[in-house]
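Peer 1: A single structure is presented below for examination.
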Amino acid sequence: MGEPGFWDDNARAQATVAELKTVNSILKPLEDALAVAADLEALEELAREEQSLEPDLAAEADRLEKLVDALELSSLLSGTHDGADAIVSINARDGGTDANDWAEMLLRMYSSWAARRDFSIELLDRQDDAVAGIQSATIAIRGPWAYGHLRGETGIHRLVRISPFNAEGKRQTSFAAVDVAPEIADDDADIELRDEDIREDVFRASGAGGQHVNKTSSAIRLTHFPTGIVVQCQSERSQHKNRATAIKMLRSRIARLEEEKREAEQLARYKQQPKTGFGSQIRNYFLHPDQRVKDQRTGHYVGNFQSVLDGNIDGFLDAYLRWKASGSAPAAAADEA
């Protein structure tokens, strides 16, 4: 990065900076743990002679334990694309206007989570509902191990609350589907797209965006025949830019599909059944009769609904990584041995 001309190619320079952040996200915690371990060893020697240092010794031991625990969690991010950026798509499902509102709440939740980590967020597509909320939205979250952390969010998210859109104040159950895919580089040779396998539809963009939006056919929808995957983008005024973004979204969805096939083959090899998928209900969010959020797979529970909606979802993400590791490859490898 200190070499002359490093910033001449901005795209390449940004890619290098992103790679550095990813490497440092592993190396710096490791260096911190090694430094604390060395300090702990020295402090132990002093504590043998001075008992007043025992509280400090216990505090440093606790600090080291937390650092090692975080490193062990990072080691679970070992999937093919775990180090990639993430493309998160949210679609309102059953529940009418409440479901549209719920989908937008989830969009804010993931955006808040990304902001807390100082990750970048790019809106790729958004379709607003005529009454409230969104019908669907797609964002790119870019930061170290973004996809590895978020991949377990794929599935159906269920909200139970007193509907703000019901004059009678009745309880309403709403559903939204979340899909997380790795953002794949254009030069990734593993994902091959053939023109004859793709149908491209051009249409007028809808929703907010000024006069230009509804006057030109700039929105792009791509249908991939071999997989049945459909993606669309209307966030830009340029049809060319929307097409490029839609192609990137399609490559990402195909990459995730291939990853799921590999995992399914591994589970079948060890005679295990996958416990989650896009069509499954993975998490319940309750605002009535009491406030709580519980993951159906891991059992992780939080009693503060608003905190979760404010982006404090690391407990759920970490619990999923540990749950997945305990129920798949490690156990299977032990059985095989």
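Peer 1: Taking residue 97 as meeting all but one of (1) in contact with a Gly (Cβ under 8 Å, 6 or more places away or on another chain); (2) in a helix (DSSP H, G or I); (3) outside the structural domain of residue 143 (by TED's automatic domain parsing), write down the number of the exception.
Peer 2: Among (1) in contact with a Gly (Cβ under 8 Å, 6 or more places away or on another chain); (2) in a helix (DSSP H, G or I); (3) outside the structural domain of residue 143 (by TED's automatic domain parsing), the lone unmet condition for residue 97 is (3).
Peer 1: Mind listing whichever residues of segment 104-141 are assigned to a strand (DSSP E or B) and under 23 Å from residue 322 (Cα atoms)?
Peer 2: Within segment 104-141, the first condition is being assigned to a strand (DSSP E or B), and the residues that meet it are 120-128, 134-141.
The one that is assigned to a strand (DSSP E or B) and under 23 Å from residue 322 (Cα atoms): 141.
Peer 1: Name the residue, out of 30, 40, that is under 24 Å from residue 320 (Cα atoms), assigned to a helix (DSSP H, G or I) and modelled with pLDDT of 85 or more. Walk me through how you get there before you give the answer.
Peer 2: Numbers: 40 fails: under 24 Å from residue 320 (Cα atoms).
Just one listed residue meets the conditions, 30.
Peer 1: Given the criterion modelled with pLDDT of 85 or more and either surrounded by 16 or more Cβ atoms within 10 Å (Cβ to Cβ) or over 23 Å from residue 182 (Cβ atoms) (or both), identify the matching residue among 65, 50, 54, 45.
Peer 2: On the way: 50 fails: modelled with pLDDT of 85 or more; 54 fails: modelled with pLDDT of 85 or more; 45 fails: modelled with pLDDT of 85 or more.
Exactly one of 65, 50, 54, 45 is modelled with pLDDT of 85 or more and either surrounded by 16 or more Cβ atoms within 10 Å (Cβ to Cβ) or over 23 Å from residue 182 (Cβ atoms) (or both), namely 65.
Peer 1: Please count how many residues of segment 273-309 are modelled with pLDDT under 85 and buried (at least 16 other Cβ atoms within 10 Å of the Cβ).
Peer 2: Residues in segment 273-309 being modelled with pLDDT under 85 and buried (at least 16 other Cβ atoms within 10 Å of the Cβ): 1 in total.
Peer 1: Here is a follow-up. Might you check whether a residue that is at positive phi, touching a residue at least 24 places away in the same chain (Cβ under 8 Å) and assigned to a strand (DSSP E or B) occurs anywhere in segment 149-156?
Peer 2: We begin by selecting, within segment 149-156, every residue at positive phi; these are 155.
Adding the requirement that they be touching a residue at least 24 places away in the same chain (Cβ under 8 Å) leaves 155.
Adding the requirement that they be assigned to a strand (DSSP E or B) leaves 155.
Checking segment 149-156: at least one residue is at positive phi, touching a residue at least 24 places away in the same chain (Cβ under 8 Å) and assigned to a strand (DSSP E or B).
Peer 1: Anything in segment 228-265 that is in contact with a helix residue (DSSP H, G or I) (Cβ under 8 Å, 6 or more places away or on another chain), more than 17 Å from residue 184 (Cα to Cα) and not charged (D, E, K, R)? List them, or say none.
Peer 2: If the condition is that a residue be in contact with a helix residue (DSSP H, G or I) (Cβ under 8 Å, 6 or more places away or on another chain), more than 17 Å from residue 184 (Cα to Cα) and not charged (D, E, K, R), then 234, 235 are the ones that fit.
The values are calculated or read from the model by the stated rules, or taken from the named source; none is laboratory data. Bear in mind the structure is a predicted one, so any value in this text is a computation, not a measurement. Every residue, glycine among them, receives a Cβ derived from its backbone with ideal geometry; neighbour counts consider all protein chains shown.
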